[in-house]
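Accompanying notes for the structure given below.
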Amino acid sequence: MAFHFEKPGGFEFKAGQFGDFTLINPSETDAEGNTRGFSFASAPYEDTLMFATRMRDTAFKRTLKTMEVGTEVSMDAPYGSFTLHNNSRIPAVFLTGGIGVTPFRSIVLQAAHDNLPHKIFLLDSNRKPEDAAFLNALMGAEVKNPSYTFVGTMTEMEKSGKKWNGETGYINEAMLEKYVGDLTLPIYYLAGPASMVTGMRKTLNEAGVDDDNIRTEEFSGY
Ligand SMILES: Cc1cc2nc3c(=O)[nH]c(=O)nc-3n(C[C@H](O)[C@H](O)[C@H](O)COP(=O)(O)OP(=O)(O)OC[C@H]3O[C@@H](n4cnc5c(N)ncnc54)[C@H](O)[C@@H]3O)c2cc1C
């Protein structure tokens, strides 16, 4: 579920950064408290701020889900250095799945908007197209940015009612090589729940990628 907010005057952030969001006087709370960190899924050039989250049955998210349009929240931001490197001769490879895609929506849309020359590959793994957040926007950005390649892969197409012409199965060395070529050149960015980030790092290490070239954003709390 995505949540959209008016951008406070003068507020600036870099694509890939996150904010801590606090509910003000919520009707219920629990041991985890009233604050969660969320990556900005909106790009800096967009007029509003947006985050997207996997809905679960926690006090924070029950409140979020039923909040009336116009409700204020408190935001402490921006934080983080999960931002695109400056050297445009080095390709960027984004590996993610599920809700981990949020910071990449921001980075990919901003790169297209700014006509950045970086070669960018986004490998996004989901069970089925119905579950894939921002799928149309992430695919559509290819039209605006010839340096950007979107590779969606679905791991449970047998449970889908949609057509899918893209990749299937988990991201592995063969899939990476097919699109990226020489795997030693890029800087890799991994984002998502900790177990997913750990798994993707293992895949990269087994493919011979040095940890020096891997940057991560772990979504703690899953
Ligand atoms: C830098 C950063 C960026 C982030 N960006 C995003 C983002 O863009 N989108 C996003 O969705 N999240 C993001 N997160 C994670 C987010 O901050 C929350 O931790 C997450 O959404 C979980 O919140 P919750 O209210 O569902 O669970 P909490 O109430 O925080 O649950 C805490 C713990 O309770 C347990 N738990 C609670 N409910 C369940 C359940 N239904 N099933 C299993 N275990 C459960 C888990 O063990 C969990 O560790 C980010 C985190 C960080 C640090």
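The values are calculated or read from the model by the stated rules, or taken from the named source; none is laboratory data. Bear in mind that the values here come from a model prediction, so they are computed numbers and not experimental data. We place every Cβ from the backbone using ideal geometry, glycine too, and count neighbours over all the protein chains shown. Heavy atoms of the whole protein, side chains included, go into the accessibility calculation; ligands, DNA and RNA do not. Shrake-Rupley method; radii C 1.70, N 1.55, O 1.52, S 1.80 Å.
Check whether at least one residue in the range 144-153 is open to solvent by 70 Å² or more (accessible area, probe 1.4 Å) and modelled with pLDDT of 95 or more, and report yes or no. Yes; the residues of the range 144-153 include at least one that is open to solvent by 70 Å² or more (accessible area, probe 1.4 Å) and modelled with pLDDT of 95 or more.
The residues on offer are 60, 82, and the sole one that is surrounded by 12 or more Cβ atoms within 10 Å (Cβ to Cβ) and closer than 19 Å to residue 13 by Cβ is 82.
If you go through the range 30-57 and keep only what is open to solvent by 20 Å² or more (accessible area, probe 1.4 Å), more than 6 Å from the ligand (Cβ to nearest atom) and in contact with a Ser or Thr (Cβ under 8 Å, 6 or more places away or on another chain), you end up with 30, 34, 35, 44, 48. Scanning the range 10-29 for residues that are more than 11 Å from the ligand (Cβ to nearest atom) and more than 23 Å from the chain's Cα centre (by Cα) turns up 10, 24, 25, 26, 27, 28. Just one residue in the set 165, 205 is among the polar types (S, T, N, Q) and part of a helix (DSSP H, G or I); that residue is 205.
Here's the yes/no breakdown for (1) hydroxyl-bearing (Ser, Thr, Tyr); (2) open to solvent by 70 Å² or more (accessible area, probe 1.4 Å); (3) under 23 Å from residue 136 (Cβ atoms):
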| residue | (1), (2), (3) |
| --- | --- |
| 164 | no, no, yes |
| 167 | no, no, yes |
| 184 | yes, yes, no |
| 187 | no, no, no |
| 191 | no, no, yes |
| 206 | no, yes, no |
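Scanning the range 181-222 for residues that are within 22 Å of residue 54 (Cα to Cα), more than 10 Å from the ligand (Cβ to nearest atom) and among the small types (Gly, Ala, Ser) yields 195, 199.
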